[in-house]
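The values are calculated or read from the model by the stated rules, or taken from the named source; none is laboratory data. Note that the structure is predicted; figures quoted are calculated from it, not measured. Glycine also receives a Cβ, built like all others from the backbone with ideal geometry; neighbour counts cover every protein chain displayed. We work out accessible area using only protein heavy atoms, side chains counted, and drop any ligands, DNA or RNA first. Shrake-Rupley method; radii C 1.70, N 1.55, O 1.52, S 1.80 Å.
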Amino acid sequence: YGLKELTIDSPYITSLEHANKIAKFIIDKMGDPVPIINVSVMAIPTIQLGDRIKIGTLDAFDIIDGEYWVTSQEFSYGESISHSLILRKVV
C-alpha cells in the first residue's frame with residue numbers, strides 16, 4: 001500500500017520517548033493492512049452494522065475461522081432478494 005506519512009502535533013507529547021511509544025503503537029496496529037471483503041449472502045435481515053460474525057470457511061478467499069465486523073450492507077430487490085455485506089477482519 002506504499003509509504004504513509006503521519007504527523008501528530010499535540011501538546012500532550014512532551015518527550016521523545018513518549019513520541020516513540022506512540023509511533024511504535026501506531027506502526028504495530030496499522031503496519032499490516034486489514035483485510036476487507038465483499039460477500040453476497042442469503043438475506044438475513046437481523047444483521048446490523050457493527051455486528052461481529054464468524055466465517056468458518058470461505059474457499060474463494062482462503063478464509064478459515066475468521067471473525068469480521070459488518071461495516072456496510074445493502075439489500076436489493078429484483079426477482080429475488082439479495083444481501084451484500086462489506087466485512088472488515090477483526091484484529
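Descriptive notes on the structure:
- The listed residue being touching a Phe, Trp or Tyr at 6+ places or on another chain (Cβ under 9 Å) and without any contact (Cβ under 8 Å) to a residue 40 or more places away in the chain, out of GLY31, GLY78, GLY50: GLY50
- Within segment 1-27, being open to solvent by less than 100 Å² (accessible area, probe 1.4 Å) and within 20 Å of VAL91 (Cα to Cα) holds for ILE22, ALA23, ILE26.
- Qualifying positions in segment 62-91 - farther than 13 Å from VAL41 by Cα, open to solvent by 60 Å² or more (accessible area, probe 1.4 Å) and among the aromatic types (Phe, Trp, Tyr): TRP69, TYR77
- Unmet criterion (only one of (1) under 12 Å from the mean Cα position of the chain (by Cα); (2) modelled with pLDDT under 85; (3) at positive phi) for GLY50: (2)
- Residue in segment 45-59 that is among the polar types (S, T, N, Q), farther than 30 Å from LEU3 by Cβ and open to solvent by 100 Å² or more (accessible area, probe 1.4 Å) present: yes
- Within segment 1-51, the set of residues being of a type in the set (S, T, N, Q) and more than 17 Å from TYR68 (Cα to Cα) comprises THR7, SER10, THR14, SER15, ASN20.
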